[in-house]
Amino acid sequence: MSDTEVLSAPQFKPSHPGGIFKRQILAENNLTVTEAADRLGITRKHLSNFCNEHVPCSLDLAQRIAAATGSGVAMWINLQAKYDTWLAEHSEPPKVKAIG
(Lines give C-alpha, C1' and ligand atoms only; values in the text may rest on other atoms or scores of the structure.)
Protein backbone atom coordinates (compact mmCIF):
# COMPACT_ATOMS: atom_id res chain seq x y z
CA MET A 1 0.00 0.00 0.00
CA SER A 2 1.44 3.40 -0.97
CA ASP A 3 1.64 6.50 1.25
CA THR A 4 -1.08 8.10 -0.88
CA GLU A 5 -3.44 5.19 -0.23
CA VAL A 6 -2.75 5.29 3.51
CA LEU A 7 -3.51 9.03 3.71
CA SER A 8 -6.56 9.01 1.45
CA ALA A 9 -10.10 9.48 2.72
CA PRO A 10 -12.07 6.47 3.93
CA GLN A 11 -13.84 4.37 1.31
CA PHE A 12 -17.24 5.03 2.85
CA LYS A 13 -18.69 8.50 3.18
CA PRO A 14 -18.47 9.72 6.79
CA SER A 15 -21.66 10.85 8.48
CA HIS A 16 -22.52 14.54 8.35
CA PRO A 17 -22.30 16.00 11.87
CA GLY A 18 -25.91 17.18 11.57
CA GLY A 19 -27.09 13.62 11.11
CA ILE A 20 -25.06 12.56 14.12
CA PHE A 21 -26.54 15.40 16.16
CA LYS A 22 -30.04 14.41 15.08
CA ARG A 23 -29.57 10.73 15.96
CA GLN A 24 -27.44 10.98 19.07
CA ILE A 25 -28.51 14.24 20.69
CA LEU A 26 -32.08 14.95 19.62
CA ALA A 27 -33.37 11.38 19.52
CA GLU A 28 -31.62 10.18 22.68
CA ASN A 29 -32.81 13.21 24.66
CA ASN A 30 -36.32 13.18 23.17
CA LEU A 31 -35.89 16.79 21.97
CA THR A 32 -37.55 18.49 19.04
CA VAL A 33 -35.54 20.68 16.70
CA THR A 34 -37.40 23.68 18.10
CA GLU A 35 -36.51 22.81 21.70
CA ALA A 36 -32.87 22.16 20.88
CA ALA A 37 -32.57 25.34 18.80
CA ASP A 38 -33.92 27.35 21.73
CA ARG A 39 -31.39 25.74 24.09
CA LEU A 40 -28.55 26.39 21.63
CA GLY A 41 -29.60 29.99 21.01
CA ILE A 42 -30.03 29.55 17.25
CA THR A 43 -33.00 29.57 14.90
CA ARG A 44 -35.11 26.47 14.39
CA LYS A 45 -34.57 26.84 10.66
CA HIS A 46 -30.77 26.78 10.99
CA LEU A 47 -30.80 23.74 13.26
CA SER A 48 -33.25 21.98 10.95
CA ASN A 49 -30.95 22.67 7.99
CA PHE A 50 -28.01 21.33 10.00
CA CYS A 51 -29.84 18.19 11.11
CA ASN A 52 -30.96 17.56 7.52
CA GLU A 53 -27.37 17.94 6.32
CA HIS A 54 -27.93 21.11 4.29
CA VAL A 55 -25.44 23.32 6.17
CA PRO A 56 -22.06 22.54 7.73
CA CYS A 57 -21.12 22.63 11.38
CA SER A 58 -19.65 26.10 11.79
CA LEU A 59 -17.24 27.04 14.56
CA ASP A 60 -20.05 28.87 16.35
CA LEU A 61 -22.41 25.91 16.12
CA ALA A 62 -19.67 23.52 17.29
CA GLN A 63 -19.08 25.73 20.35
CA ARG A 64 -22.79 25.88 21.13
CA ILE A 65 -23.29 22.11 20.77
CA ALA A 66 -20.19 21.38 22.85
CA ALA A 67 -21.28 23.75 25.61
CA ALA A 68 -24.83 22.37 25.68
CA THR A 69 -23.88 18.68 25.58
CA GLY A 70 -20.59 18.56 27.45
CA SER A 71 -18.83 17.27 24.36
CA GLY A 72 -15.73 18.85 22.85
CA VAL A 73 -15.64 21.54 20.18
CA ALA A 74 -12.89 19.58 18.42
CA MET A 75 -15.15 16.57 18.02
CA TRP A 76 -17.73 18.54 16.02
CA ILE A 77 -15.09 20.38 13.97
CA ASN A 78 -13.32 17.10 13.21
CA LEU A 79 -16.56 15.40 12.16
CA GLN A 80 -17.16 18.26 9.71
CA ALA A 81 -13.56 18.14 8.47
CA LYS A 82 -13.76 14.39 7.80
CA TYR A 83 -17.03 14.85 5.93
CA ASP A 84 -15.67 17.77 3.88
CA THR A 85 -12.43 15.92 3.12
CA TRP A 86 -14.30 12.88 1.85
CA LEU A 87 -16.47 15.06 -0.39
CA ALA A 88 -13.43 16.90 -1.78
CA GLU A 89 -11.56 13.67 -2.48
CA HIS A 90 -14.57 12.10 -4.20
CA SER A 91 -15.54 14.97 -6.47
CA GLU A 92 -14.14 16.35 -9.70
CA PRO A 93 -11.12 18.56 -8.94
CA PRO A 94 -11.31 22.19 -10.07
CA LYS A 95 -9.52 23.26 -13.22
CA VAL A 96 -6.32 25.02 -12.17
CA LYS A 97 -2.88 25.93 -13.51
CA ALA A 98 0.12 24.37 -11.81
CA ILE A 99 2.24 26.48 -9.50
CA GLY A 100 5.95 25.83 -9.48
What pairs come up if the first residue lies in region 86-100 and is closer than 30 Å to residue 17 by Cα and surrounded by 10 or more Cβ atoms within 10 Å (Cβ to Cβ), the second is charged (D, E, K, R) and at pLDDT below 95, and their beta carbons are under 7 Å apart, counting only those six or more places apart or on different chains?
-> none
Hey, can you tell me all the residues within region 35-71 that are out of contact with any Lys or Arg (no Cβ under 9 Å at 6 or more places or on another chain), loosely packed, with under 14 Cβ neighbours inside 10 Å and of a type in the set (Gly, Ala, Ser)?
-> 67, 70
Within the set of pairs 6 or more residues apart or between chains, which connect a residue that is on the phi < 0 side of the Ramachandran plot inside region 47-68 to a residue that is among the hydroxyl-bearing types (Ser, Thr, Tyr) and assigned to a helix (DSSP H, G or I) with Cβ atoms less than 9 Å apart?
-> 47/34; 48/34; 54/48; 56/83; 57/83
Which one of these does residue 74 not meet: (1) without any contact (Cβ under 8 Å) to a residue 60 or more places away in the chain; (2) surrounded by 14 or more Cβ atoms within 10 Å (Cβ to Cβ); (3) assigned to a helix (DSSP H, G or I); (4) not polar (S, T, N, Q)?
-> (2)
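The values are calculated or read from the model by the stated rules, or taken from the named source; none is laboratory data. Values in this document were obtained by computation on a predicted structure and should not be read as measured data. Here Cβ is always computed from backbone atoms with ideal geometry, including for glycine, and neighbour counts include all displayed protein chains.
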